[in-house]
Amino acid sequence: MKKILFICAALSITSVMLIGLFVFIEGYPIFTKVGFFNFVFGQKWSPSDNLYGIFPMICGTLATTLGALILGVPLSIFTAIFLSEYAPKKAERLITPAVELLAGIPSVIYGLFGMTMLVPLIREFQKAHSSTNQIQSGYSVIAASIILAIMISPTIINMAKDALKSVPNDFKEGSLSLGATKWQTTWHITLPAAKSGIIAGTVLGMGRAIGETMAVIMVAGNTVKFPDSIFSPIRTLTGNIAIEMAYAEAGTHTQALFGTGIILFIMIILTNIFASRIYRKDAAAK
């Protein structure tokens, strides 16, 4: 069994390495043709004009991710606090499976919900509060951020709840015995003690938001431009690959899409490394 388990672990590591190697080999030529900094910080993406700059899409990715974190993290943390500290057993048994069910819903369903329900609401809001005749589509940063906030919430809730429940009871009992209220104990004792796990869950949720494709494509508008407001349509790195790979001609265009994948790969790896360091630091402290 030890050998079988070792082989399984080795296959997992090898698969990741081979995928990364393949993406790097296919995308590296674009860096030699265009230049790494011109590619990453270029502000124009127009394959027909041989212009390959992905900086607007990096900004779009960061904008939707930041919006998702702003909307999703507070809600997720307070949900975790309720489940771990205040919820009756019956309520916890009801809510926990519902949260886990959110993680199992296909991303295309989230995108469909966003297109049919969320985007029209944002469009009507734009029309009601806009003083210009500019076309209001509803496809925007805020639409993508709301959908992503819902999608990352199960990851953050589950990890935050586990971190809160792992706080020793002695900490809580000591605080309560000194006259602190239940909420004061939760806010000043339990939350700080569980912060490493909560931060790690937030970082993993951020990685999920950065890598999400289908749902974002369906609600973001897919316009290559810098977002100037939360109502601006944008295109993300993942969306750029998914939209253009089907019709990209072999050569520089395809290499540019693989180059986009390299940048995305690096962003995800750095995010996961950061989360792993937090986990190890928390384990060492305990």
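The values are calculated or read from the model by the stated rules, or taken from the named source; none is laboratory data. This is a predicted model, so every value here is computed, not measured. All Cβ positions, even for glycine, are placed from backbone atoms using ideal geometry, and neighbour counts span all protein chains on display. Just so you know, the surface numbers come from the protein's heavy atoms only, side chains and all, with ligands and any DNA or RNA stripped out. Shrake-Rupley method; radii C 1.70, N 1.55, O 1.52, S 1.80 Å.
Details
- Looking across the range 1-17, just one residue is under 23 Å from residue 257 (Cα atoms) and open to solvent by 100 Å² or more (accessible area, probe 1.4 Å), and that is 17.
- Residue in the range 95-108 that is outside any helix (DSSP H, G or I), open to solvent by 30 Å² or more (accessible area, probe 1.4 Å) and under 18 Å from residue 148 (Cβ atoms) present: yes
- Total residues in the range 228-251, condition part of a helix (DSSP H, G or I) and surrounded by fewer than 17 Cβ atoms within 10 Å (Cβ to Cβ): 2
- Any hit, the range 133-150, residues being among the small types (Gly, Ala, Ser), at pLDDT below 90, open to solvent by 20 Å² or more (accessible area, probe 1.4 Å) and farther than 15 Å from residue 208 by Cβ: yes
- Every residue from the range 49-66 that is open to solvent by 40 Å² or more (accessible area, probe 1.4 Å) and under 28 Å from residue 143 (Cβ atoms): 51, 55, 62, 66
- Selected residue (only one of 20, 35 is more than 23 Å from the chain's Cα centre (by Cα), modelled with pLDDT under 90 and either under 30 Å from residue 93 (Cα atoms) or open to solvent by less than 30 Å² (accessible area, probe 1.4 Å) (or both)): 35
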